[in-house]
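In what follows, a structure is listed as C-alpha coordinates, so that the remarks can point back to it.
The values are calculated or read from the model by the stated rules, or taken from the named source; none is laboratory data. None of these values were measured; they are calculated from a predicted model. Here Cβ is always computed from backbone atoms with ideal geometry, including for glycine, and neighbour counts include all displayed protein chains.
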Amino acid sequence: MLQQKNRNLIVNSVVIKGNKQKINKMKRFSKHIFIFMFLIISALISSAQISDDIITCFKTGNSAKLSSFFNDNIELVVLENENVLSKSHAQQIVNEFFKKNTPQKFSIIHQGGKGDSNYAIGTLETQNGKFRIYFLLKTVNQVSFIHQLRIEKQNE
(Lines give C-alpha, C1' and ligand atoms only; values in the text may rest on other atoms or scores of the structure.)
Protein backbone atom coordinates (compact mmCIF):
# COMPACT_ATOMS: atom_id res chain seq x y z
CA MET A 1 0.00 0.00 0.00
CA LEU A 2 2.86 2.34 0.81
CA GLN A 3 4.38 1.57 -2.59
CA GLN A 4 1.07 2.40 -4.28
CA LYS A 5 0.90 5.79 -2.48
CA ASN A 6 4.52 6.56 -3.44
CA ARG A 7 3.82 5.55 -7.02
CA ASN A 8 0.71 7.80 -7.08
CA LEU A 9 2.72 10.70 -5.62
CA ILE A 10 5.40 10.26 -8.28
CA VAL A 11 2.80 10.06 -11.06
CA ASN A 12 1.00 13.12 -9.69
CA SER A 13 4.21 15.14 -9.42
CA VAL A 14 5.13 14.21 -13.02
CA VAL A 15 1.65 15.23 -14.20
CA ILE A 16 1.88 18.52 -12.28
CA LYS A 17 5.34 19.26 -13.73
CA GLY A 18 4.06 18.43 -17.22
CA ASN A 19 1.06 20.73 -16.74
CA LYS A 20 3.30 23.54 -15.46
CA GLN A 21 5.52 23.18 -18.53
CA LYS A 22 2.48 23.31 -20.82
CA ILE A 23 1.16 26.37 -18.99
CA ASN A 24 4.55 28.10 -19.27
CA LYS A 25 4.70 27.29 -23.00
CA MET A 26 1.19 28.68 -23.45
CA LYS A 27 2.11 31.85 -21.55
CA ARG A 28 5.19 32.38 -23.76
CA PHE A 29 3.16 31.70 -26.89
CA SER A 30 0.42 34.11 -25.77
CA LYS A 31 3.03 36.74 -25.01
CA HIS A 32 4.54 36.39 -28.50
CA ILE A 33 1.10 36.59 -30.14
CA PHE A 34 0.28 39.71 -28.13
CA ILE A 35 3.55 41.40 -29.12
CA PHE A 36 3.04 40.44 -32.78
CA MET A 37 -0.53 41.82 -32.82
CA PHE A 38 0.61 45.01 -31.08
CA LEU A 39 3.29 45.58 -33.73
CA ILE A 40 0.86 44.95 -36.59
CA ILE A 41 -1.74 47.33 -35.15
CA SER A 42 0.91 49.97 -34.44
CA ALA A 43 2.17 49.76 -38.02
CA LEU A 44 -1.34 50.13 -39.41
CA ILE A 45 -2.14 53.09 -37.19
CA SER A 46 1.14 54.88 -37.83
CA SER A 47 0.90 54.37 -41.60
CA ALA A 48 -2.39 56.24 -41.69
CA GLN A 49 -1.21 59.18 -39.65
CA ILE A 50 -0.49 62.51 -41.30
CA SER A 51 2.55 64.42 -40.09
CA ASP A 52 1.81 67.14 -37.54
CA ASP A 53 4.30 69.32 -39.46
CA ILE A 54 2.10 69.20 -42.56
CA ILE A 55 -0.99 70.08 -40.52
CA THR A 56 0.86 72.99 -38.90
CA CYS A 57 1.86 74.30 -42.35
CA PHE A 58 -1.80 74.55 -43.33
CA LYS A 59 -2.74 76.12 -39.99
CA THR A 60 -0.07 78.81 -40.32
CA GLY A 61 -0.02 79.23 -44.10
CA ASN A 62 3.67 78.32 -44.25
CA SER A 63 4.09 77.47 -47.94
CA ALA A 64 7.89 77.28 -47.72
CA LYS A 65 7.81 74.53 -45.12
CA LEU A 66 4.84 72.84 -46.78
CA SER A 67 6.77 72.67 -50.05
CA SER A 68 9.51 70.69 -48.31
CA PHE A 69 6.98 67.84 -48.27
CA PHE A 70 6.21 68.19 -52.01
CA ASN A 71 7.38 65.55 -54.44
CA ASP A 72 9.74 66.85 -57.17
CA ASN A 73 6.65 67.14 -59.41
CA ILE A 74 3.25 67.63 -57.85
CA GLU A 75 -0.28 67.67 -59.23
CA LEU A 76 -1.63 70.95 -57.88
CA VAL A 77 -5.22 72.15 -58.05
CA VAL A 78 -5.85 75.60 -56.57
CA LEU A 79 -9.44 76.70 -57.13
CA GLU A 80 -9.91 76.43 -60.91
CA ASN A 81 -6.25 76.03 -61.89
CA GLU A 82 -4.93 72.49 -62.34
CA ASN A 83 -1.37 71.63 -63.35
CA VAL A 84 1.50 69.27 -62.76
CA LEU A 85 4.25 71.55 -61.50
CA SER A 86 7.76 71.48 -60.13
CA LYS A 87 8.15 71.74 -56.38
CA SER A 88 9.35 75.37 -56.54
CA HIS A 89 6.60 76.53 -58.92
CA ALA A 90 3.94 74.81 -56.79
CA GLN A 91 5.33 76.52 -53.69
CA GLN A 92 4.92 79.94 -55.36
CA ILE A 93 1.29 79.25 -56.24
CA VAL A 94 0.46 77.95 -52.75
CA ASN A 95 2.22 80.99 -51.27
CA GLU A 96 0.02 83.31 -53.38
CA PHE A 97 -3.06 81.44 -52.22
CA PHE A 98 -2.07 81.85 -48.55
CA LYS A 99 -1.35 85.57 -49.08
CA LYS A 100 -4.89 86.07 -50.42
CA ASN A 101 -6.48 83.67 -47.93
CA THR A 102 -4.79 83.92 -44.55
CA PRO A 103 -5.51 80.75 -42.56
CA GLN A 104 -7.49 81.11 -39.37
CA LYS A 105 -8.17 77.45 -38.65
CA PHE A 106 -7.36 74.09 -40.22
CA SER A 107 -8.65 70.67 -39.24
CA ILE A 108 -8.41 67.20 -40.71
CA ILE A 109 -11.86 65.71 -41.19
CA HIS A 110 -10.81 62.39 -42.69
CA GLN A 111 -7.62 60.49 -43.36
CA GLY A 112 -6.69 57.05 -44.48
CA GLY A 113 -4.32 55.05 -46.54
CA LYS A 114 -3.31 51.76 -48.00
CA GLY A 115 0.16 50.44 -48.49
CA ASP A 116 2.61 53.25 -49.16
CA SER A 117 -0.09 55.86 -49.88
CA ASN A 118 -1.94 58.07 -47.40
CA TYR A 119 -4.43 60.84 -47.92
CA ALA A 120 -6.14 63.48 -45.85
CA ILE A 121 -9.14 65.71 -46.34
CA GLY A 122 -9.39 68.86 -44.29
CA THR A 123 -11.18 72.16 -43.93
CA LEU A 124 -9.24 75.41 -44.06
CA GLU A 125 -11.03 78.44 -42.66
CA THR A 126 -9.82 81.85 -43.85
CA GLN A 127 -11.10 85.41 -43.81
CA ASN A 128 -12.41 84.76 -47.33
CA GLY A 129 -14.35 81.61 -46.49
CA LYS A 130 -13.82 77.89 -46.15
CA PHE A 131 -11.76 75.70 -48.43
CA ARG A 132 -11.61 71.94 -48.80
CA ILE A 133 -8.02 70.65 -48.73
CA TYR A 134 -7.15 67.24 -50.10
CA PHE A 135 -3.64 65.85 -50.33
CA LEU A 136 -2.16 62.52 -51.27
CA LEU A 137 1.16 61.33 -49.84
CA LYS A 138 3.29 58.49 -51.09
CA THR A 139 6.04 56.98 -48.97
CA VAL A 140 9.34 55.84 -50.44
CA ASN A 141 12.14 54.61 -48.17
CA GLN A 142 10.11 55.72 -45.12
CA VAL A 143 9.89 59.33 -46.35
CA SER A 144 6.47 60.71 -47.33
CA PHE A 145 5.99 63.24 -50.12
CA ILE A 146 2.87 65.07 -51.22
CA HIS A 147 2.13 63.99 -54.80
CA GLN A 148 -1.23 65.71 -55.13
CA LEU A 149 -2.68 68.79 -53.44
CA ARG A 150 -6.15 70.14 -54.09
CA ILE A 151 -7.52 73.40 -52.66
CA GLU A 152 -11.15 73.98 -53.56
CA LYS A 153 -13.75 76.47 -52.40
CA GLN A 154 -16.13 74.74 -50.00
CA ASN A 155 -19.82 75.26 -50.52
CA GLU A 156 -21.40 76.00 -47.17
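What number of residues within the range 95-132 are under 19 Å from residue 75 (Cα atoms) and more than 24 Å from the chain's Cα centre (by Cα)?
Here the count works out to 4.
Do you know which of the residues in the range 116-156 that are in contact (Cβ under 8 Å) with a residue 24 or more places away in the chain and exposed (fewer than 12 other Cβ atoms within 10 Å of the Cβ) is nearest to residue 50 (Cα to Cα)?
The extreme case among them is 140.
Output the strands (runs of 3 or more DSSP E) that fall wholly within the range 85-156 and possess 1 or more residues being touching a Phe, Trp or Tyr at 6+ places or on another chain (Cβ under 9 Å), more than 22 Å from residue 64 (Cβ to Cβ) and of a type in the set (A, V, I, L, M), or say none.
In the range 85-156, 117-126 are the strands (runs of 3 or more DSSP E) which contain 1 or more residues that are touching a Phe, Trp or Tyr at 6+ places or on another chain (Cβ under 9 Å), more than 22 Å from residue 64 (Cβ to Cβ) and of a type in the set (A, V, I, L, M).
Consider residue 84 against the criteria (1) surrounded by 15 or more Cβ atoms within 10 Å (Cβ to Cβ); (2) at pLDDT 90 or above: it satisfies all of them except one. Which criterion is unmet?
(1)
Just to be sure, is residue 65 in contact with a Gly (Cβ under 9 Å, 6 or more places away or on another chain), part of a helix (DSSP H, G or I) and either over 23 Å from residue 125 (Cα atoms) or among the charged types (D, E, K, R) (or both)?
Answer is no for this residue.
Hey, does the range 51-59 have a residue that's modelled with pLDDT under 95 and in a strand (DSSP E or B)?
Checked against the condition, which is being modelled with pLDDT under 95 and in a strand (DSSP E or B), the range 51-59 yields no hits at all.
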